[in-house]
Every structure is written in C-alpha cells, then in structure tokens.
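S.K.: For reference, the structure I am asking about is given below.
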Amino acid sequence: MEGRLLARARARQEQLRSDNRAEENRRRAEIYARIPEVRTLDASIRGVMAELTGLVLGRSSRTVAELEAESLALQEERAALLRENGYPKDYLDPIFACPVCRDTGWADGKICDCLSRLYKQEQTRELAPLLRQGDQTFESFRLDYYSPVSGEEDGRSPREEMTEVFQICRAYANGFSDRSPNLLFTGGPGLGKTFLSAAIAQVVADKGFGVAYDTATGLLTAFEREKFSRDTDEQSDAASRVRQLLSCDLLILDDLGTEMPTAFTQSALYSLLDGRLRAGKKTIVSTNLDRTGIAERYGSALASRLEGEYEWLAFRGRDIRALRKERG
Ligand SMILES: Nc1ncnc2c1ncn2[C@@H]1O[C@H](COP(=O)(O)OP(=O)(O)O)[C@@H](O)[C@H]1O
Ligand SMILES: [Mg+2]
Ligand SMILES: [Zn+2]
C-alpha cells in the first residue's frame with residue numbers, strides 16, 4: 001500500500017469515527033431531553049461502575065455480585081424506558097461503521113476490509129482525471145472507427161493494426177505483474193491512446209496494484225514544485241505526489257512531448273523514467289512524437305532507453321474526435 005493513500009483512507013475513517021461520536025452525543029442529548037429519567041439512570045449506572053472499581057481497591061462494602069446485579073437492573077430499566085418511548089434498545093450504544101474492527105481499521109492483526117475499501121476508493125479517486133472522461137473500458141472500445149482499407153505501402157489496414165493493439169492492451173491489463181513490459185503508445189491525436197490507457201488503468205487498479213496517471217505537464221509541475229516551491233504545504237504535497245509517481249506499480253505518463261522543454265524538465269523526465277526502470281516499476285508512455293521526434297527532443301540517452309526498454313505500439317487511423325463530428 002502506498003503511504004499517502006493509506007493516510008487519506010485513515011483520515012476518512014477518522015472522519016467517520018468522529019461523525020459517529022457526534023451522532024452518539026446528539027442521540028444522548030435527545031433522549032435526556034425527552035426522557036429525563038434516563039439521565040438519572042445513567043448517573044446511577046456510572047455510580048455503580050465507580051463502586052466496582054473502588055471494590056477492587058477495597059473501598060466498597062458490597063460484593064461484586066451485588067453490584068453487577070444492580071447494574072443489570074438499572075440497565076434493564078433504562079432499556080425498558082427507551083422501548084416504552086419507541087426507541088430501539090441499542091439507541092444509545094456506541095455506533096460503529098464497521099462492527100468487525102470497531103472502526104480501528106485492523107482486525108486479527110490484518111488490515112480490515114473496511115479500510116481496504118477506503119484505500120481502494122482513494123486509489124480510484126487518484127485516477128479521477130483519467131476516468132472522468134467517461135466510459136473508457138475495453139468493453140466500450142470500438143474498432144469500427146478505424147478504417148478497414150489498407151494503405152498503399154504496407155498491407156495492413158488501421159483496423160487490423162488497432163485490433164492487435166487493442167488485444168495486446170487487454171492482455172497486458174489482465175496479466176499485469178512486475179514482469180510486465182513497459183509500453184509506449186505513439187500516434188497522432190484522437191486515436192485512442194488515452195482511452196486504452198484508462199482501460200488498462202482501471203483493470204490494473206482493480207487488481208489492487210497502485211496506479212498513477214498524469215500528463216507530462218502535470219507530472220513536471222509536481223517535480224518543479226517539489227524542488228522550487230517556497231510554500232511548505234505546496235512543497236510537501238508535491239513531494240508526496242512525486243514519491244507516488246516514482247514508486248507506483250504502474251505509471252501512465254500521458255502526452256509526452258507537450259510539456260515545456262527546459263533543461264529541468266528534460267532531466268526530471270530522464271531521472272523519473274530511468275529510476276522506474278531501475279526499480280522494476282512499469283510505465284506506459286503516450287506521445288504524438290515518432291522515433292525521430294523523440295530523439296530530437298530528448299536526446300539519445302532518453303530515446304535509447306525508450307527504444308530498448310519499451311514495447312512500442314503504433315496507433316493508426318483518423319482522429320476519432322473529428323470522425324465523430326463528421327458523423328454527427
Ligand atoms: N476505439 C475507440 N472507441 C470509442 N471511442 C474512442 C476510441 N478511441 C478514442 N475514442 C474517443 O475519441 C476521443 C479521443 O481519444 P483519445 O484516447 O483521447 O485519443 P489520443 O489520446 O490518442 O489523443 C476520446 O473522446 C475517446 O473517448
Ligand atoms: Mg491523449
Ligand atoms: Zn473494519
């Protein structure tokens with residue numbers, strides 16, 4: 001699990017706990033106002049409890065059995081009062097969102113399902129900018145947008161090639177592991193690169209892997225803030241984002257080549273991609289640049305890492321945004 005997401009999941013659990021404490025207090029105030037005898041009974045029950053404690057210290061003349069019987073009688077009286085007034089008998093009991101771990105997040109020395117669920121939600125929320133674009137899943141990926149007519153020079157049609165790209169991506173997502181290759185999506189705008197990235201991200205995140213998505217521009221902004229920001233909150237947010245971008249199991253780096261080319265961005269990108277390769281973490285890079293474009297823009301060091309360590313998938317066809325407009 002990734003520390004920052006776990007911290008957020010725990011913060012949400014803490015929020016649930018304090019909401020429940022507030023609800024307990026509200027209920028108690030409500031009951032005390034409507035059935036004042038309950039308040040008196042509660043005071044008596046507390047008195048008996050205190051006496052029980054005192055007994056251990058030798059400060060009461062009554063026996064444990066006597067005190068327990070009295071406490072029980074008081075509690076029954078209290079339950080009866082609640083019932084007579086139309087309240088469930090546990091109306092004043094502590095409220096737990098998860099009875100299994102009593103909202104501690106741990107049960108039997110393991111992370112409780114409720115906390116895992118919150119963690120998963122945080123993980124998905126992290127992918128929100130990618131998933132916001134709607135239903136981008138393997139099931140909704142359409143091949144009829146790609147022409148079945150093959151070009152002059154090479155024999156295969158865009159549709160044939162994109163069928164293969166689609167199948168490779170789907171198999172990649174389903175079989176994702178730390179032995180998966182890195183992928184590089186190339187091709188012009190509107191060909192489904194971000195779409196297939198989103199489809200992969202959802203499947204891989206559902207398997208419980210840590211998946212992060214960002215555009216090259218967004219990612220470099222985090223690197224810049226981590227390094228140069230004077231605002232400490234902004235700086236530490238950026239630092240944890242950078243840690244996540246470096247350490248997540250699968251990073252989707254979208255739109256490489258659209259960021260501002262500066263000495264800083266070039267070296268930050270190199271060290272990010274190189275660091276992830278060394279750590280054995282997987283990356284999917286999308287770009288509108290071709291081989292020559294990449295080498296020109298990033299120099300031979302980065303180009304040869306991408307060349308040697310990534311499986312390239314060429315996206316073909318016509319801009320689907322434009323096609324949709326034409327078809328209306
Ligand atoms: N095969 C597809 N089936 C259905 N919609 C698609 C397909 N490919 C792309 N789209 C849609 O077309 C638009 C552009 O696709 P996108 O993945 O953003 O292209 P790219 O990232 O290659 O520029 C998006 O709205 C996307 O949902
Ligand atoms: Mg895109
Ligand atoms: Zn739980």
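FYI, it's all coordinate maths here, none of it is from the lab. Quick caveat, the model's predicted, so the values are computed rather than measured. Heads up, the Cβs are rebuilt from the backbone with ideal geometry, glycines too, and the neighbour counts pull from every protein chain shown.
S.K.: Give me the number: length gained by fully extending Arg125 to Glu160, i.e. 0.36 nm times residue separation minus the C-alpha to C-alpha distance, one decimal in nm.
M.R.: Details: separation 35, 0.36 × 35 = 12.60 nm, distance 3.46 nm.
Taking 0.36 nm per residue and subtracting the Cα distance, the gain is 9.1 nm.
S.K.: State whether segment 218-258 is rounded, prolate or oblate according to the following rule on the C-alpha gyration tensor (a ≥ b ≥ c being the square roots of its eigenvalues): a/c under 1.5 gives rounded; otherwise a/b larger than b/c gives prolate, and the remaining case gives oblate.
M.R.: oblate
S.K.: Answer with one residue from Val285, Ala29, Ala97: the one whose Cα lies farthest towards the positive end of the charge dipole of the chain, charges on Cβ with Lys, Arg +1 and Asp, Glu -1.
M.R.: Ala29
S.K.: With a Cα-only, solvent-free Debye model of the chain, what are the log10 I(q)/I(0) values at q = 0.09, 0.10, 0.13, 0.16 Å⁻¹?
M.R.: Results for the chain at q = 0.09, 0.10, 0.13, 0.16 Å⁻¹ read -0.65, -0.73, -1.00, -1.36.
S.K.: With n ≥ 4 as the cut-off for DSSP H runs, can you work out [θ] at 222 nm for the chain, using -39500 (n - 2.57) per run divided by the number of residues, rounded to the nearest 500?
M.R.: Per the formula, -20000 deg cm²/dmol.
S.K.: Ok, one more. Counting other beta carbons within 10 Å of each Cβ, put Met260, Met162 in order, fewest first.
M.R.: Placing the least packed residue first, the sequence is Met260, Met162.
S.K.: Quick one: helix 216-228 against the long Cα principal axis of the chain, what's the angle to the nearest 10°, folded into 0 to 90?
M.R.: 60
S.K.: Ignoring the sites themselves, what is the longest stretch of the chain with no trypsin sites (Lys or Arg not before Pro) in a DSSP loop and at most 15 other beta-carbon atoms within 10 Å?
M.R.: 231-317
S.K.: Please name whichever of Pro129, Leu191, Ser177 sits farthest to the positive end of the charge dipole of the chain, dipole taken about the Cα centre and charges placed at Cβ: Lys and Arg +1, Asp and Glu -1.
M.R.: Of the listed residues, the answer is Pro129.
S.K.: Need one number: convex hull volume per residue for segment 11-98, Cα atoms only, in Å³.
M.R.: 118
S.K.: With +1 on the Cβ of every Lys and Arg and -1 on the Cβ of every Asp and Glu, and nothing else charged, how large is the dipole of the chain about its Cα centre, in debye rounded to the nearest 20?
M.R.: 220
S.K.: Lysine pairs in segment 121-327 8 or more apart or on different chains: how many have alpha carbons under 22 angstrom apart? Display every interim value, and only then the final one.
M.R.: Values: Lys193/Lys207; Lys193/Lys281; Lys193/Lys282; Lys193/Lys325; Lys207/Lys281; Lys207/Lys282.
So the count of such lysine pairs works out to 6.
S.K.: Distance in nm between label sites at Arg28 and Arg132, each 7 Å beyond Cα in the beta-carbon direction?
M.R.: 4.3
S.K.: Work out, step by step, the length gained on full extension between Arg62 and Glu296: first 0.36 nm times the residue separation, then minus their alpha carbon distance; give nm to one decimal. All intermediate terms of the calculation are to be shown ahead of the outcome.
M.R.: On the way: separation 234, 0.36 × 234 = 84.24 nm, distance 9.02 nm.
Going from the current span to full extension adds 75.2 nm.
S.K.: Filter the chymotrypsin sites (Phe, Trp or Tyr not before Pro) in segment 34-142 down to the DSSP loop ones having no more than 11 other Cβ atoms within 10 Å, then list what survives. All intermediate terms of the calculation are to be shown ahead of the outcome.
M.R.: On the way: sites: Tyr91, Phe96, Trp106, Tyr119, Phe138, Phe141; in loops: Tyr91, Phe96, Phe141.
When the chymotrypsin sites (Phe, Trp or Tyr not before Pro) of segment 34-142 are filtered for loop state and at most 11 Cβ neighbours within 10 Å, nothing remains.
S.K.: Once the piece of chain linking Gln167 and Arg83 is laid out straight, how much longer is it, given 0.36 nm per residue of separation minus the C-alpha distance between them?
M.R.: 24.0 nm
S.K.: What does the convex hull of the Cα atoms come to per residue for segment 126-250, in Å³?
M.R.: 131
S.K.: If you don't mind, another one. Apply 1/(1 + (r/R0)^6) to the Cβ-Cβ distance of Lys110 and Asp237, taking R0 = 25 Å, and write down the FRET efficiency to the nearest 0.05. Present the calculation step by step, with values, prior to reporting the outcome.
M.R.: On the way: r = 30 Å, r/R0 = 1.20.
After rounding, the FRET efficiency stands at 0.25.
S.K.: Same structure again: Calculate the dipole size of segment 11-98 relative to its Cα centre from +1 charges on Lys and Arg beta carbons and -1 charges on Asp and Glu beta carbons; express the result in debye to the nearest 20.
M.R.: Dipole size: approximately 280 debye.
S.K.: Mind listing the lone cysteines of the chain, meaning no other Cys beta-carbon sits under 4.7 Å from theirs?
M.R.: Cysteines of the chain left without a disulfide-compatible partner: Cys169, Cys248.
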